[in-house]
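Notes for the one structure printed next.
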Amino acid sequence: ENKPMSNSTHSDPAEGSPLLRLFYRDWRPTRIGRWVNRLASWWSALGLSSREMAVLEVRGRASGRQRSTPVVVATVEGKPYLVSMLGAESDWVKNVEAAHGRAVLRQGRARPVHLVGVPPAERAPVLSEYVRVAASGRRHFPVALGAPLSEFQTIAERYPVYRIDPS
């Protein structure tokens, strides 16, 4: 069985920056990070951010309440994808899995979507595009912007990727 590598087995490259440690620690947003995420969610939900920015809404696996998370949509070969910059232990990933992929994506307007997990062997092109379009998210990846796909393939198991299908 191929299980995703735990985030605890590698450090978050973003934590090398004192500034980014204010927002993320141990692969989780800090109090300041959560506040900034709420602000980004509000801004993106109104449709005021870049076209790659969106808000993912998914039912919380424990609370049952709608949870909102700002995300970046990476498009590869005309298909949209979401990438978890914080790995498989991210709350939104766990909630998506518990909701069997059912979610809502907001980019000015809300639309129901179905998120389909992408196998690690197929993730490298999406990770490469994500690092290109997600200016702040790329700091969580140990691979440089413009690196060959083979480098993204070596980390693909650590970062869940979901294809966004209409619901």
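Data overview
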quantity: Accessible area per residue in Å² at 1.4 Å probe, computed on the range 54-164; calculated: 47 Å²
quantity: Beta bridges by DSSP in the range 58-115, antiparallel share as percent, to the nearest 5; calculated: 100 percent
quantity: nm² value of the averaged projected area, convex hull over the Cα atoms of the range 92-167; calculated: 5.4 nm²
quantity: Accessible surface of the range 114-167 [probe 1.4 Å, protein heavy atoms]: carbon and sulfur percent; calculated: 53 percent
quantity: Spatial separation of Cα centroids for the range 59-103 and the range 127-167, in angstrom; calculated: 15 Å
quantity: Residue-span extension gain [K79 to A99] - 0.36 nm each, minus C-alpha spacing; calculated: 5.0 nm
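The values are calculated or read from the model by the stated rules, or taken from the named source; none is laboratory data. Quick caveat: nothing in here was measured; it's all calculated off a predicted structure. Please note that ligands, DNA and RNA were not included when accessible areas were found on the heavy atoms of the full protein model with its side chains. Shrake-Rupley method; radii C 1.70, N 1.55, O 1.52, S 1.80 Å.
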